[in-house]
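Take a look at the structure set out below.
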Amino acid sequence: MRWLLRRCPRCGRYTLRKDKCPVCGETVYVPHPPRFSPEDKYVKYRYMMKKLAGLLAVDEHSNKNLRKETEGKEQVQVQSQ
């Protein structure tokens, strides 16, 4: 089932419109969290992105290794295209 309700971040009102708030004109978003699955296929990538963004505390050695690992993958993707 799709989520129909949207929420305006500016005024906090809920609406069924998908583009903007009918009261203030701000872009609306889906206020529901994503579904939870115990067999999460993408946890590795979310964890890696949080580390790179600085949202998780990691030591400098781990951070360097992670950057090297992701740079290698980006180069392979660019070459294959």
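Readers should treat all values here as calculations from the given coordinates under stated rules, not as data from a laboratory. What you see is a predicted model, and the numbers here were worked out from it, not measured in a lab. Glycine also receives a Cβ, built like all others from the backbone with ideal geometry; neighbour counts cover every protein chain displayed.
With N residues in the chain, what two-decimal value do you get for its Cα radius of gyration over 2.2 N^0.38 Å? Before the final figure, lay out the partial values.
Working: Rg = 19.0 Å, N = 81, 2.2 N^0.38 = 11.7 Å.
Output field value: 1.62.
Give the lysines whose C-alpha is closer than 29 Å to that of LYS51, dropping any in the same chain fewer than 8 places away, or say none.
The reachable lysines, counting only those whose Cα sits under 29 Å from LYS51, are LYS41, LYS64, LYS68, LYS73.
For Cα pairs less than 8 Å apart in space and 6+ apart in sequence, what is the mean separation divided by the residue count of the chain, i.e. the relative contact order in percent?
17
What longest region of the chain stays clear of GluC sites (Glu not before Pro) that DSSP places outside H, G, I, E and B and that have at most 14 other Cβ atoms within 10 Å? Walk me through the intermediate numbers first.
On the way: sites that count: GLU26, GLU39.
Counting at most 14 other Cβ atoms within 10 Å as exposed, the longest clean stretch of the chain is 40-81.
Return the FRET efficiency for the residue pair SER62, ARG13: r is the Cβ-Cβ distance, R0 is 30 Å, and the value is rounded to the nearest 0.05.
Values: r = 44 Å, r/R0 = 1.45.
About 0.10, to the nearest 0.05.
Tilt of helix 43-53 relative to the longest C-alpha principal axis of the chain, in degrees (0 to 90, nearest 10)?
Value to nearest ten degrees: 90.
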